[in-house]
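Okay, so here's the structure we're looking at.
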């Protein structure tokens with residue numbers, strides 16, 4: 001899965017992971033990595049990492065700039081995903 005990052009433990013048994021939806025939303029809006037990079041004034045390499053590196057978590061200001069360009073709320077770029085159980 002793209003953009004999965006573990007959240008810190010919060011006392012519950014099940015951990016939650018966060019998946020970035022930047023690539024998915026940009027594709028829905030017909031926006032390429034290059035166009036997103038230029039419009040948000042974020043380095044192309046950073047956009048590539050967001051798209052391709054599931055362990056990379058950009059800063060909140062970076063996500064805010066991307067969200068503004070895509071015309072969505074910053075929170076729309078994130079999705080909580082339950083971590084697969086390590087049991088049996």
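The values are calculated or read from the model by the stated rules, or taken from the named source; none is laboratory data. Since we're looking at a predicted model, the values are computed, not measured. Backbone-built Cβ (ideal geometry, glycine too); neighbour counts: all protein chains shown.
Tabulated data for the structure shown
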item: Qualifying residue in the range 49-62 (condition: out of contact with any strand residue (DSSP E or B) (no Cβ under 7 Å at 6 or more places or on another chain) and more than 21 Å from residue 80 (Cα to Cα)); result: no
item: Conditions (1) part of a helix (DSSP H, G or I); (2) at pLDDT below 95: number failed by residue 5; result: (1)
